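Each remark here refers to the structure printed beneath this line.
Bear in mind that the values in this text are calculations on the coordinates, not laboratory data. Here the structure is a predicted model, which is why all the values come from computation and not from measurement. Backbone-built Cβ (ideal geometry, glycine too); neighbour counts: all protein chains shown.
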Amino acid sequence: MYERHFDAIVIGGGIVGASAAYHLNMYGAKTLLVDRADRGRATDAGAGILAPELSLHPQEAWFDFAVEAVAYYPHMVARLNRECGGDTSFTICGMLLVATTDDEAEEVEAARKLILERQQRRGSPLPADLHPVEPCDAKEMFPALGDVRHALYYRNAARVDGRMLSSVLCKAGELRGMQILHGNVESFVLRGDRVTGVVVDDVLYPSGTTVITGGAWSPAMAAQVGCTIPVAPQRGQIAHLELPGVETNQWPIVMGLAGHYLLTWPQSQVVVGATRENGSGFDPNTTVEGIHEVLGQALRLAPGLKRARFNEMKVGLRPVTPDGLPIICEVPGLTGLHMAVGHGPTGLQLGPYSGAIVAKLALNAPHTVDLSAFHISRFDGVDVS
């Protein structure tokens, strides 16, 4: 039986919501996580590449936040291991940025200079953390690779399975009394300009504070209280392959300059992706075009995958903003309602940290993160249609 009154309610059970609910609960708030589990949720399909140092994202605010977000991972994972012992899947595996043509080799070298400039501004990494590798060494690390003209290796890159991590966050929260309700938030309850609860499947749940973490579906939630969130779904199609008899667990992540990647898991599993389909709407289905793009790019980078078994395609609807930055703030004009939305294709990279930060915002707890670049007011007067 659910208790009817909560200190905090989180709407949306993807990686951001699971983290927000877990942290609210950890900070002492009686917390309810309401999860509709929409088909196509990005957390359930994403590859979970944790390597902001190798990102070419143009926004410095994103880069600074992403570095802090990934630095938070080991601390959170260690705490989760102590609390419930679940497998978070977090693994440091290294990453290769590869060029397959001479032109791409020049681009990789330009990328290396940008990466080092950004890292030197922050005082890291050490030169040994990011360095060129010989093509033969790259192929030894990832045997399925084809012709490699140039490659960079970053040893601190990590991977994570979004579903596994979200599950452990929820399990740890439940062990401390956090409750999870599978249902649909039909409306918010307001008293003046304060949100005081939500209605879920015709049942009222009063709350001291509420957080929207609904991914691509967040705009519809916020619209109920007159807030326009410039977030739209971007479909990502991802292929799951298997190399029978091949131990892939120690292979590094491989990233090509076209933005496609190869990521491996234990038991001979290889994940390849991903499309970035703007204007897809809320269609969570695979397409022939998407399959062709993903597998074509995979075989261009790694022709050794041509005999891999094709297990399945997964689809995630990423919540993207016009400027590529998430929105983490209180909903303007209201008290008691916050949001952490719009993490785009890097939700698994940023999500746990965003959840921790928005939990502090919702409880008016102190924090040291500069969130000015992530406030929704940056879109005031901007045509984002």
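Across the chain, the longest run free of exposed loop sites, meaning GluC sites (Glu not before Pro) lying outside DSSP classes H, G, I, E and B with no more than 15 other Cβ atoms within 10 Å, spans 4-246.
The mean sequence distance of close C-alpha pairs (under 8 Å, at least 6 residues apart), as a share of the length of the stretch 227-385, puts its relative contact order at 24 percent.
If you wrap a convex hull around the alpha carbons of the chain, what volume per residue comes out, as a whole number of Å³? Can you show the working numbers first?
On the way: hull volume 54.6 nm³, N = 385.
Dividing the Cα hull volume of the chain by its residues yields 142 Å³.
Near Thr101: Cβ cut-off under 12 Å, other residues only, Lys/Arg at +1 and Asp/Glu at -1. The net charge is -4.
Note on Val203 and Arg176: the extension gain reaches 7.3 nm, defined as 0.36 nm multiplied by sequence separation minus the Cα-Cα distance.
In the elastic network of the chain, a GNM with C-alpha springs shorter than 10 Å, the most mobile of His150, His367, His23 is His367. Residues Val70, Val369, Val203, arranged from fewest to most other Cβ atoms within 10 angstrom of their Cβ, appear as Val203, Val369, Val70. Relative to the longest principal axis of the Cα atoms of the chain, the long axis of helix 102-122 lies at roughly 50 degrees.
Please state the relative contact order of the stretch 1-150 as a whole percent: Cα pairs under 8 Å, 6+ residues apart? Rounded, it is 17 percent for the stretch 1-150.
Fewest Cβ neighbours within 10 Å first, please rank Ser55, Ser280 accordingly.
On the way: Ser55 20, Ser280 23.
Ascending number of Cβ neighbours within 10 Å: Ser55, Ser280.
Helix 162-175 and the longest principal axis of the C-alpha atoms of the chain enclose an angle of approximately 40°. The tail of the calculated P(r) for the stretch 82-232, taken as Cα-Cα distances beyond 18 Å, holds 74 percent of the pairs.
Of the Cα atoms belonging to the stretch 198-300, the radius of gyration and Dmax stand at 19.3, 55 Å. Beta bridges per DSSP, both residues in the chain: antiparallel share near 70 percent.
Using a Förster distance of 51 angstrom, determine the FRET efficiency expected from the C-beta separation of Asp380 and Cys136, and round it to 0.05.
Numbers: r = 54 Å, r/R0 = 1.06.
It comes to 0.40.
Residue separation of Arg309 and Arg122 scaled by 0.36 nm, minus their Cα-Cα distance, works out to 63.1 nm of gained length. The ranking of His57, His292, His338 from fewest to most other beta carbons within 10 Å of each one's beta carbon is His292, His57, His338.
Which FRET efficiency, nearest 0.05, do Glu186 and Asn278 yield, Cβ-Cβ r, R0 22 Å? Given R0 = 22 Å and the Cβ-Cβ separation, E is 0.15.
Give me the net charge of Glu277's neighbourhood, meaning all other residues with Cβ under 10 Å from the Cβ of Glu277; Lys, Arg count +1, Asp, Glu -1. Don't skip to the answer; put the middle values down first.
Working: positive: Arg235, Arg276, Arg318; negative: Asp283, Glu289, Glu293.
In short, 0.
The modelled label-to-label distance between Asp87 and Arg194, using points 7 Å beyond Cα along the C-beta direction, is 4.7 nm. Remark: for residue pairs Lys30/Lys171; Lys171/Lys306; Lys139/Lys306; Lys113/Lys360; Lys171/Lys314, the C-alpha separation exceeds 27 Å in Lys171/Lys306; Lys113/Lys360. Couplings 3J(HN,Hα) of the stretch 133-146, computed from phi: 10, 5, x, 5, 6, 4, 5, 5, 5, 10, x, 7, 4, x Hz, in residue order, whole Hz [Karplus 6.51 cos²θ - 1.76 cosθ + 1.60, θ = phi - 60°; x for Gly and Pro].
Note: relative contact order over the chain, using C-alpha pairs below 8 Å and six or more positions apart, is 24 percent.
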